[in-house]
Amino acid sequence: MTENPGILHSVAAFFAKTAAITDMEVRKLLHDPTELLTRAVQPALWLLIFGQVMSHAHVIDTAGYPYLDFLTPGILAQSVLFIAIFNGISIIWERDLGIVHKFLASPAPRSCLVLGKALGGGARSLIQVVVVLVLAALSGVKMRLDALPLAGLVLCVLLSAGLFSSFSLIVACLVKTRERFMGVGQLLTMPLFFASNAIYPTSMMPRSLQIVAHFNPLTYQVDALRVLLLPGYSLTPHLGLRIDFMVLTLTFAGMVAISARLYPTIVR
């Protein structure tokens, strides 16, 4: 009986420390709101130019959906990916400023530091979600906007943003310099994006690329977003969503564990 309060206290302390790191990451965004405007340019170009052109071309089979409707969840996933994948550069800046040394000297577990940063990336991504959904609505995209699908969308975005933010931290711990990080980040984003079902169904891909897409977490994120956003997208949405969320959750947990292990190496 005496162990339960101690366990509950430890869990509460863990989440409190994680929330403190997340709050710090969100405050950074509040101090630089212009970042939100610059981040909105890319999805706007994809939706308003690429999406409109491909809609008129009618060259991609989208299972009866207008191409712009089919594309919107993919661009939403792309926005989350592009924000999260460059989140790791923050710890390189913090190392150069001496902040990482202070974090490592604190009693907070490394997993708190990593998870807090991952959730901070999720908060940034949620703002981008609003931008993409507004642009899609203005473009005439038909979406499910009732409470349950939106709650699932928020959870999906937080998981996927946390996943790619943690992956970004792993890259930052390995390359250790801003210049290398930017090069590696740009090298990774395009293959992740194009080797997924974001802008075309995987059935159009060569067999070898379909295998790559099968192991790409972005594919599962896009699939979940399509089920949650597009009315009647899947005949068995609950089974599909279970698989999508299971893959995202397990991959997120694995990335957090690896990045927490590598986090102290950023100072070496």
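None of the figures in this text is laboratory data; all of them are computed from the coordinates on show. What you see is a predicted model; the values in this text were computed from it and never measured. With ideal geometry, Cβ positions are generated from the backbone for all residues, glycine too; neighbour counts draw on all protein chains shown.
Miscellaneous remarks
- Annotation: the residues LEU192, LEU148, LEU45, sorted from fewest to most other C-beta atoms within 10 Å of their own C-beta, follow the order LEU148, LEU45, LEU192.
- CD proxy at 222 nm, helix term only [per DSSP H run n ≥ 4: -39500 (n - 2.57); per residue of the chain; nearest 500]: -25500 deg cm²/dmol
- For the stretch 52-130, diffusion coefficient by Stokes-Einstein and Kirkwood Rh (Cα), 37 °C, 0.692 mPa s, µm²/s: 213
- Estimated inter-spin distance, TRP93 and ALA257, nm [label 7 Å along Cα→Cβ]: 3.1
- Computed from point charges on the beta carbon alone (+1 for Lys and Arg, -1 for Asp and Glu), the dipole magnitude for the stretch 3-267 about its Cα centre is near 440 Debye.
- For the chain, the membrane-span-like helix rule (DSSP H, alpha carbon extent of at least 27 Å along the helix axis, mean Kyte-Doolittle at least -1.0) picks out 3-30, 110-138, 147-175, 237-262; this says nothing about an actual membrane.
- For the stretch 147-239, alpha-carbon Rg relative to the globular expectation (2.2 N^0.38 Å, N residues): 1.25
- Mean Cα-pair separation over length for the stretch 98-180, i.e. relative contact order, pairs under 8 Å, 6 or more apart, %: 45
- For TYR65, TYR263, order by how many other beta-carbon atoms lie within 10 Å, fewest first: TYR65, TYR263
- Theoretical FRET efficiency, 1/(1+(r/R0)^6), r = Cβ-Cβ of VAL53 and PHE15, R0 41 Å, to 0.05: 0.30
- When only Cα pairs below 8 angstrom with a gap of at least 6 residues are kept, the chain shows a relative contact order of 27 percent.
- Applying 1/(1 + (r/R0)^6) with r as the Cβ-Cβ distance of GLU179 and VAL154 and R0 = 51 angstrom yields a FRET efficiency of 0.90.
- Ascending count of other beta-carbon atoms within 10 Å, so fewest first, for LYS28, LYS142, LYS17: LYS28, LYS142, LYS17
- Sites ILE211 and THR249 - FRET efficiency at Förster radius 25 Å, r taken between beta-carbons, to 0.05: 0.65
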